[in-house]
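The values are calculated or read from the model by the stated rules, or taken from the named source; none is laboratory data. Please read these numbers as outputs of a predicted model, since none were measured by experiment. FYI the Cβ positions are ideal-geometry reconstructions off the backbone, even for glycines, and counts take in every protein chain you see. Only protein heavy atoms, including side chains, enter the accessible area calculation; ligands, DNA and RNA are left aside. Shrake-Rupley method; radii C 1.70, N 1.55, O 1.52, S 1.80 Å.
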Amino acid sequence: MASQILPLELIDRCIGSKIYVVMKSEREFSGTLLGFDDFVNMVLEDVTEYENTPQGRNSTKLAQTLLNGNNICMLIPGSEGPQE
Amino acid sequence: MDPSASGIQEPFDLIRLSLSERVFVKLRGDREVAGILHAYDGHMNLILSDVEETIMIVDPEVAEQGQSVVNVAKRKMDMLFVRGDGVILVSPPART
Amino acid sequence: MSDSTPPPPPAGDAPPAPAPPTHVGSPTDFLKGVVGKRVIVRLTSGVDYRGILSCLDGYMNIAMEQTEEHVGGSVVNRYGDAFIRGNNVLYISAAEAL
């Protein structure tokens, strides 16, 4: 049990690095993680929002953003988001 | 822009200051109502009177062609309870 | 017993510092900085509200001023004041320098 690490400790180690956020819906965000709270509401910087539609992927650039934790599905530490 | 200048410290203040005034309410399911606000609670359950509901009717055939032609119908209700979880936005009358 | 030191961690397996409850850059810090500024509030439905953030609470209920409602890139409504119920909020993004 000595190596047991809590899920949120992993996210805490990502502060200051890039993170890729996949929402429950067809929406994704990449950006630099500045902080988060117990609900996994996240503050991101230099954000790109990706919206996947049948017509293709729309992306939007955002400045500092507070992302509501309620709709988050997965977090991928260190990833810049979808490659291409 | 000092937010305290408008006398609002928390979002519910905006609703409190709108009591007895006509408010516009946007609801889930493309519903919109406007009426006089009589009561509200922490869930944003609302009691409105003298209500006009605006109903958006999108013609699916026309919508398929990419044109968003929306027909609007209206209906009136004397007194209405709105369940809070359906509320998206409440806008009070313009402050002067 | 009271001042016994914990055993040293095994080599190569340094335990992480426990997550501090708050830190600079936390959601609370962000919100303190953004009140009174121009913001973009996007709802899960994709509708955007652009205006000045008056205040908000722990549910992410939001009061905004000079609000423009954007749907599909165009302004469809303007509100002097608007209350947005927090459960609909996807994100709050700064629309001017903090």
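Here r is the Cβ-Cβ distance between A:K61 and C:S45 and R0 is 30 Å; the resulting FRET efficiency, rounded to 0.05, is 0.90. The label-point distance for B:A94 and C:Q66, in a model that sets each label 7 Å from Cα toward Cβ, rounds to 1.5 nm. Determine the dipole magnitude for chain A: charges of +1 sit on the beta-carbon of Lys and Arg, -1 on that of Asp and Glu, nothing else is charged, the reference point is the Cα centre, and the result goes in debye to the nearest 20. With Lys and Arg at +1 and Asp and Glu at -1, about 100 debye.
Rounded, prolate or oblate: which one fits the range C:21-98, using the alpha carbon gyration tensor with axes a ≥ b ≥ c (rounded when a/c is under 1.5, else prolate when a/b beats b/c, else oblate)? All intermediate terms of the calculation are to be shown ahead of the outcome.
Details: a/c = 1.84, a/b = 1.65, b/c = 1.12.
Taking the square roots of the gyration eigenvalues as a ≥ b ≥ c, the range C:21-98 is prolate.
For A:E51 and A:K24 in the same chain, what is the full-extension length gain: residue separation times 0.36 nm, less their Cα-Cα distance, in nm? Let's see the in-between values first.
Values: separation 27, 0.36 × 27 = 9.72 nm, distance 1.19 nm.
Extending this stretch completely gives an extra 8.5 nm.
Sorting C:V24, C:V47 on solvent-accessible area from highest to lowest, probe radius 1.4 Å, gives C:V24, C:V47. As a length-normalised measure over Cα pairs under 8 Å and 6 or more apart, the relative contact order of chain A settles at 32 percent. Placing B:V90, C:V35 in order of accessible area, with the largest value first and a 1.4 Å probe, yields C:V35, B:V90. Structural descriptor for the range C:27-94: relative contact order 32 percent, calculated from alpha carbon pairs under 8 angstrom and at least 6 residues apart. Computed on protein heavy atoms with a 1.4 Å probe, the accessible areas place C:M64, B:M77 in the order B:M77, C:M64, largest first. When chain A is treated as a GNM with alpha-carbon contacts under 10 Å, the residue of A:M23, A:M74, A:M42 showing the greatest mean-square fluctuation is A:M74. Each of B:L46, B:G84, B:S20 was placed along the dipole of the range B:11-89 (beta-carbon charges, centred on the mean Cα), and the one lying farthest toward the positive end is B:S20. Each principal axis of the Cα cloud of the range A:8-77 was taken in turn, and the coordinate range along them, longest first, works out to 37, 21, 17 Å.
Taking a straight line from the alpha carbon of B:K74, these lysines sit under 24 Å away, with near neighbours fewer than eight places off in the same chain left out: B:K26. Computed with a 1.4 Å probe on the full set of protein chains, the accessible area for B:H38 sits at about 100 Å². Comparing A:I19, A:N41, A:Q55 along the charge dipole axis of the range A:8-77, the residue lying farthest to the positive side is A:Q55, per the Cβ-charge model.
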